[in-house]
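The values are calculated or read from the model by the stated rules, or taken from the named source; none is laboratory data. Predicted model only: the values in this text are computed from it and were never measured. Every residue, glycine as well, gets a Cβ built from its backbone with ideal geometry; the counts of neighbours run over all protein chains shown.
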Amino acid sequence: MPQTTHKKTYFMNHPKLEVFDPAMCCSTGVCGPSVDPKLVQFAADLKWFQEKGVDIRRFNLAQNSTAFVENELVNAALTEKNEGALPLLLVDGHIVLSGRYAERSELAEWLGVSVQPSLSCLGGKSEEEKPRRSCCGGQQSEGSSGCC
């Protein structure tokens, strides 16, 4: 069963996320004839966090096995749970999730990055004042700038 071991933000400045993936055909798993939509979303989320300044390092068991052996936490998790521990996510050297890929909101919490839309994206109004969701989260209201 997937398990979260820490639910807090570690460092607000220059956080580091390490992702230890199970064996996949390519570095992201977003390849081949049948792509898992969760991997597509996770890859997009990682790109978004990189653009926000997060240092992200990703290791694939099939291509980077040495990284799994050299990291004591990852090695111990694999010894205990075998490949059921993967994917394994570390933030600043602490295990935050094991056994599944994180949602963007979880990553944001651990990395100290806000995923809230800015007021400029909401047409200068607060979320409560906006009649429909903005471009940042779904339907765009009339007159919205489409800035997201």
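Taking residues in the range 93-111 that are in contact (Cβ under 8 Å) with a residue 60 or more places away in the chain, and partners anywhere that are in a strand (DSSP E or B) and surrounded by fewer than 20 Cβ atoms within 10 Å (Cβ to Cβ), the pairs with Cβ atoms closer than 7 Å and at least 6 places apart or on different chains are Ser98/Gln3; Gly99/Gln3.
For every residue, the table says whether it meets (1) surrounded by fewer than 16 Cβ atoms within 10 Å (Cβ to Cβ); (2) aliphatic (A, V, I, L, M); (3) not in a loop (DSSP other than H, G, I, E, B).
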{"position": "Cys25", "(1), (2), (3)": "yes, no, no"}
{"position": "Leu39", "(1), (2), (3)": "no, yes, yes"}
{"position": "Arg58", "(1), (2), (3)": "no, no, yes"}
{"position": "Ala62", "(1), (2), (3)": "yes, yes, no"}
{"position": "Val74", "(1), (2), (3)": "no, yes, yes"}
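The listed residues are Ser126, Ser98, Ser141, Ser120, and the only one of them that is among the polar types (S, T, N, Q) and either at pLDDT 95 or above or surrounded by 16 or more Cβ atoms within 10 Å (Cβ to Cβ) (or both) turns out to be Ser98. Entry remark, the range 76-95: residues being among the acidic types (Asp, Glu), more than 20 Å from the chain's Cα centre (by Cα) and either surrounded by 12 or more Cβ atoms within 10 Å (Cβ to Cβ) or closer than 15 Å to Phe42 by Cβ (or both) number 0 in total. Considering Asp55, Asp45, the condition of being assigned by TED's automatic domain parsing to the domain that holds Ala102, more than 19 Å from Arg100 (Cα to Cα) and modelled with pLDDT of 95 or more is satisfied by Asp55 alone. Selection of the range 38-92 for residues being in contact (Cβ under 8 Å) with a residue 24 or more places away in the chain and of a type in the set (D, E, K, R) yields Lys38, Asp45, Lys52, Asp55, Arg57, Arg58, Glu83, Asp92.
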